[in-house]
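Comments concern the structure below.
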Amino acid sequence: MYNEFLNELKEKIDNSWIHVNEPMKQHTTFRVGGPADVLVTPDTESLPEVIALCKRHSLPYHIIGNGSNLLVGDKGIRGVVIAVTNLMGDILCDGESITAGAGCTLGQIAVLAAGNGLAGFEFAAGIPGTLGGAVVMNAGAYGGEMKEVITSVLVLDTDGNQKELSVEELDLGYRHSCILEKGYVVLKAKLKLCRGDVGEIRTKMAELREQRVTKQPLEYPSAGSTFKRPEGYFAGKLIMEAGLRGYQVGGAQVAEKHCGFVINKDHATAADILQLMQDVSDKVEAQFGVKLEPEVKMIGEF
Ligand SMILES: Cc1cc2nc3c(=O)[nH]c(=O)nc-3n(C[C@H](O)[C@H](O)[C@H](O)COP(=O)(O)OP(=O)(O)OC[C@H]3O[C@@H](n4cnc5c(N)ncnc54)[C@H](O)[C@@H]3O)c2cc1C
């Protein structure tokens, strides 16, 4: 089924960017997920061609960044996974603006910003995602969010046209943008920061890093906060008060260190994680009448 697609693909892009039957556990921070039929890591120029080729062959395609907010099913992903990596990671600092490719990591951008005496991106330094994923999720932490720093985003629309969207057009809200609904792919984003003191920026980044290391179970694979913050509550606190600290299904566990994180404690499967999320959600709803909504995005066959 994929032979013709792969032959054509091999003529268009570097063959080392094409992976067949690729285990998704190598592309997710949860370290779970069965094989993707095909995984491609294009550069900015070839990404539109790869998508056009998928369409011509009627193959479904899925865009991922660093896989730090993903739960991929144990049976893997049918179709083509297009991973936005540092091959799409051009980055340029000009005055108080930074323009970066969707594949840049937030860490890279934070380091460049700090080095250039630009403040306002410290909040994002420890979020282990790409710029594209952060735009999609309107990622945020410690009182900051992407919405405050984005000026515009270059996307590829479903007809294969590139469009520049203003921050207003992105409809950014709590862990939400219009990107997924509209089927856009983020190619680049322009950020506006402000002048600051290099030493102070680096100190703030180090303090926030220290808070993460102290409070979050970074020693285990996870996808960060598993559930969104329900209005008026904190998911982790509700889960703790429901007596679920350390609750385990197979190899998945509600982290002892921070109940808002589900961790892959010991060779968890996606099915373990999904079941644990369901149990947690049911118990919290039964006890407090609050419905927990997953923050992690689920893709593939479970
Ligand atoms: C230890 C840890 C700590 C975390 N802390 C935080 C935190 O403090 N704040 C926070 O907000 N999040 C946090 N996260 C979650 C995660 O890092 C963010 O949601 C991040 O923005 C996801 O980026 P990504 O590149 O990994 O995207 P992925 O997880 O690969 O994808 C997320 C979604 O975006 C889509 N997507 C990705 N790239 C593109 C693109 N270029 N174009 C179109 N769609 C795309 C995918 O299809 C998917 O729906 C944490 C995760 C971990 C593991």
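The values are calculated or read from the model by the stated rules, or taken from the named source; none is laboratory data. Being a predicted model, the structure only gives us computed values, none of them experimental. We place every Cβ from the backbone using ideal geometry, glycine too, and count neighbours over all the protein chains shown.
Out of curiosity, is residue 21 surrounded by fewer than 16 Cβ atoms within 10 Å (Cβ to Cβ), more than 16 Å from the ligand (Cβ to nearest atom) and within 30 Å of residue 219 (Cα to Cα)?
yes
Just to check your reading of the model, which residue among 28, 41 is crowded, with 22+ Cβ neighbours inside 10 Å and touching a Phe, Trp or Tyr at 6+ places or on another chain (Cβ under 7 Å)?
Numbers: 28 fails: touching a Phe, Trp or Tyr at 6+ places or on another chain (Cβ under 7 Å).
Among 28, 41, only 41 is crowded, with 22+ Cβ neighbours inside 10 Å and touching a Phe, Trp or Tyr at 6+ places or on another chain (Cβ under 7 Å).
Can you tell me which residues in segment 77-123 are part of a strand (DSSP E or B) and within 16 Å of the ligand (Cβ to nearest atom)?
Within segment 77-123, the first condition is being part of a strand (DSSP E or B), and the residues that meet it are 77-83, 91-94, 97-101, 105, 118-119.
Result: 77, 78, 79, 80, 81, 82, 83, 91, 99, 100, 101, 105.
Does residue 136 satisfy the criteria of being more than 9 Å from the ligand (Cβ to nearest atom), within 30 Å of residue 55 (Cα to Cα) and touching a residue at least 12 places away in the same chain (Cβ under 8 Å)?
No, not satisfied.
Can you tell me which residue among 116, 15 is more than 23 Å from the chain's Cα centre (by Cα) and assigned by TED's automatic domain parsing to the domain that holds residue 149?
116
With the requirement that a residue be within 15 Å of the ligand (Cβ to nearest atom) and either touching a Ser or Thr at 6+ places or on another chain (Cβ under 9 Å) or among the acidic types (Asp, Glu) (or both), what does segment 258-276 give you?
Passing the criteria: 258, 260, 261, 262, 263, 264, 273.
State which residue is nearest to the ligand (Cβ to nearest atom) when the search covers only segment 139-149 and only residues that are surrounded by fewer than 20 Cβ atoms within 10 Å (Cβ to Cβ), part of a strand (DSSP E or B) and more than 13 Å from the chain's Cα centre (by Cα).
Filtering first and then ranking leaves 141.
Would you mind finding the one in 226, 214 that is surrounded by fewer than 18 Cβ atoms within 10 Å (Cβ to Cβ) and either under 22 Å from residue 123 (Cβ atoms) or at pLDDT 95 or above (or both)?
214
Scan segment 266-302 for residues that are touching a residue at least 40 places away in the same chain (Cβ under 8 Å), touching a strand residue (DSSP E or B) at 6+ places or on another chain (Cβ under 9 Å) and more than 19 Å from residue 67 (Cβ to Cβ) and jot them down.
Answer for segment 266-302, where residues must be touching a residue at least 40 places away in the same chain (Cβ under 8 Å), touching a strand residue (DSSP E or B) at 6+ places or on another chain (Cβ under 9 Å) and more than 19 Å from residue 67 (Cβ to Cβ): 280, 281, 284, 292, 293.
Can you tell me which residue among 158, 130, 105 is within 20 Å of residue 182 (Cβ to Cβ), buried (at least 19 other Cβ atoms within 10 Å of the Cβ) and modelled with pLDDT of 95 or more? Spell out the reasoning first.
Working: 158 fails: buried (at least 19 other Cβ atoms within 10 Å of the Cβ); 105 fails: within 20 Å of residue 182 (Cβ to Cβ).
Every option except 130 fails the conditions.
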